[in-house]
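Computed from the coordinates by the stated procedures, all read-outs in this text should not be read as laboratory data. Owing to the predicted nature of the structure, the values given are computational and were not obtained by experimental measurement. Neighbour counts run over all protein chains shown; Cβ positions are idealised from the backbone, glycine included.
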């Protein structure tokens with residue numbers, strides 16, 4: 001079974017790392033009838049603290065994204081039209 005790796009878009013503010021970046025997942029495997037790749041809502045409910053070391057921040061965000069990628073894949077598959 002092939003891995004599912006959605007594209008990650010992040011928006012870093014000028015106040016980074018004090019201000020949490022906005023994250024969004026996008027699928028290259030799930031395209032809307034209009035030809036637009038499916039996207040997740042903006043993700044902001046993930047582990048974040050500007051007081052954490054960068055390595056800790058990255059590890060916790062990557063753990064969150066691994067779980068969120070599975071949820072996003074499930075969402076994309078469930079929203080596909082049934083043939």
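Here is how the numbers come out for the structure above:
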| quantity | calculated |
| --- | --- |
| Residues within segment 25-36 that are surrounded by 15 or more Cβ atoms within 10 Å (Cβ to Cβ) and without any contact (Cβ under 8 Å) to a residue 24 or more places away in the chain, tallied | 1 |
| Given (1) surrounded by 13 or more Cβ atoms within 10 Å (Cβ to Cβ); (2) in a loop (DSSP other than H, G, I, E, B), number of the condition residue 8 does not satisfy | (2) |
| Residue match in segment 54-62 (condition: part of a loop (DSSP other than H, G, I, E, B) and over 19 Å from residue 74 (Cα atoms)) | no |
